[in-house]
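Q: The structure's right below; bear with me while I get my questions together.
The values are calculated or read from the model by the stated rules, or taken from the named source; none is laboratory data. This structure is a prediction, so every number in the text was calculated from the model and none was measured. Cβ atoms come from the backbone with ideal geometry, glycine included; neighbour counts cover every protein chain shown.
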């Protein structure tokens, strides 16, 4: 460390302060670069892994420039098993431990029992699969949130039993439907 000492071998406070200033400027530059890299990584949808055997169902539905729905179907009728897969994904995403009360969790709607049928109300105005007169017995929702400073990036996963439909392209009888509602900022 000869560059920090003067001709007599003593520590030069001028050289130490210049060295500290250069290190500080390098640290600040690296911080600014890291900030902008992090911001740019949130400029698209947050992609969450789907369960094995799930197939993409139809095209993405773009609600807005930074908001879309992506549908998947998985054969069977065990909605709770698919919800368990996403609970595991949430623990990995948020770093929680199974059974820990403070960790993020998927929410069952209703918390107990089943929804009753309301023949005059569609379940969602944004979901073309739902039609008036149909009601889901149970819906699981899981929110994956990777929002940061001055931006947001979320994927809300909806899990529910498939519904019959006269249109064969929209009929999901015998499947569990998974909807990823993705939102992000530019």
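Q: Show the residue pairs meeting these rules: Cβ distance below 6 Å; 6+ apart or different chains; first residue within the range 38-56 and under 15 Å from residue 84 (Cα atoms) and assigned by TED's automatic domain parsing to the domain that holds residue 155; second residue surrounded by 14 or more Cβ atoms within 10 Å (Cβ to Cβ) and at pLDDT below 80.
A: Listed pairs, sorted by first residue: none to list.
Q: With respect to the numbered conditions (1) surrounded by fewer than 12 Cβ atoms within 10 Å (Cβ to Cβ); (2) within 26 Å of residue 169 (Cβ to Cβ), which one is the sole condition not fulfilled by residue 45?
A: Here residue 45 meets the rest and fails (1).
Q: Of the numbered conditions (1) within 30 Å of residue 179 (Cβ to Cβ); (2) touching a strand residue (DSSP E or B) at 6+ places or on another chain (Cβ under 8 Å); (3) surrounded by 13 or more Cβ atoms within 10 Å (Cβ to Cβ), residue 96 satisfies every one except a single condition; which is it?
A: Status for residue 96: all satisfied but (2).
Q: Could you tell me whether residue 73 is surrounded by 13 or more Cβ atoms within 10 Å (Cβ to Cβ) and either more than 26 Å from residue 106 (Cα to Cα) or not assigned by TED's automatic domain parsing to the domain that holds residue 140 (or both)?
A: No; evaluated as a whole, the condition is false for this residue.
Q: Let me ask something additional. Residues of the range 55-70 being over 15 Å from the mean Cα position of the chain (by Cα) and buried (at least 18 other Cβ atoms within 10 Å of the Cβ), which ones?
A: Within the range 55-70, 57 is the sole residue that qualifies.
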